[in-house]
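Take a look at the structure below.
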């Protein structure tokens, strides 16, 4: 099964949960962003292109479900997925702290980007409310990524076609 066929239901379910169950809920005074964390974790595991495409698809799905301006969430999540994927491809692959660190940092960057984008489009946006919960939201998203990363990594791992064969050749 290809990676796209595995990522699609994951992003769809995260989008539906983000709009239906997580939106408006507060955990430790912060709003968790399940879709952002899912896109970051998928990008870390599957790469930058898959992360960008899943961010675009998930963002577009959320924009359609919430009847928000089409493309605002998509563009922020596309860039977030690409950044997380590049981090995973270059330095973060296999490191235990990569997922929470990426989710924390990208939350700190994506929230102001989303506020700025809405401001530039002339839409009413409360920057005070967004920045008041920025640090707690980043912490909650980092903790959410800590639990979600092993599950997604196990789910997206390609099946072992040749069990019993060595996968790497190393010096003895």
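The values are calculated or read from the model by the stated rules, or taken from the named source; none is laboratory data. All figures in this text were calculated on a predicted structure; none of them were measured in a lab. Counting neighbours? That spans all protein chains shown, and the Cβs are built from the backbone with ideal geometry, glycine included.
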Query raised in the report: Quick check: anything in the range 2-14 farther than 16 Å from residue 110 by Cα, more than 10 Å from the chain's Cα centre (by Cα), free of Cβ contacts under 8 Å to residues at least 40 places away in the same chain and not in a helix (DSSP H, G or I)?
Result: yes
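For residue 86, state whether it is part of a helix (DSSP H, G or I) and touching a residue at least 12 places away in the same chain (Cβ under 8 Å). Before you say what the answer is, go through the steps one by one.
Details: part of a helix (DSSP H, G or I): yes; touching a residue at least 12 places away in the same chain (Cβ under 8 Å): yes.
Spelling it out, residue 86 is indeed part of a helix (DSSP H, G or I) and touching a residue at least 12 places away in the same chain (Cβ under 8 Å).
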Query raised in the report: Looking at (1) over 23 Å from residue 7 (Cα atoms); (2) at pLDDT below 90; (3) in a helix (DSSP H, G or I), which is the one condition that is false for residue 122?
Result: (3)
Report task. Would you please name the residue that is farthest from residue 54 (Cα to Cα), looking only at residues in the range 1-11 that are at pLDDT 90 or above and touching a helix residue (DSSP H, G or I) at 6+ places or on another chain (Cβ under 7 Å)? Result -> 10
Query raised in the report: So which of 111, 73, 66 ends up being under 19 Å from residue 137 (Cβ atoms), surrounded by fewer than 16 Cβ atoms within 10 Å (Cβ to Cβ), in contact with a helix residue (DSSP H, G or I) (Cβ under 7 Å, 6 or more places away or on another chain) and free of Cβ contacts under 8 Å to residues at least 60 places away in the same chain?
Result: 66
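It is to be established whether one or more residues within the range 24-32 are buried (at least 17 other Cβ atoms within 10 Å of the Cβ) and either at pLDDT 85 or above or assigned to a loop (DSSP other than H, G, I, E, B) (or both). Talk me through it step by step, then tell me what you get.
Of the residues in the range 24-32, the ones buried (at least 17 other Cβ atoms within 10 Å of the Cβ) are 30-32.
Still in the list and also either at pLDDT 85 or above or assigned to a loop (DSSP other than H, G, I, E, B) (or both): 31-32.
Looking through the range 24-32, at least one residue is buried (at least 17 other Cβ atoms within 10 Å of the Cβ) and either at pLDDT 85 or above or assigned to a loop (DSSP other than H, G, I, E, B) (or both).
Answer yes or no as to whether residue 90 is under 18 Å from the mean Cα position of the chain (by Cα) and closer than 21 Å to residue 23 by Cα. Walk me through how you get there before you give the answer.
On the way: under 18 Å from the mean Cα position of the chain (by Cα): yes; closer than 21 Å to residue 23 by Cα: no.
No, not satisfied.
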Query - Any hit, the range 34-47, residues being surrounded by fewer than 23 Cβ atoms within 10 Å (Cβ to Cβ) and more than 16 Å from residue 152 (Cβ to Cβ) - result: no
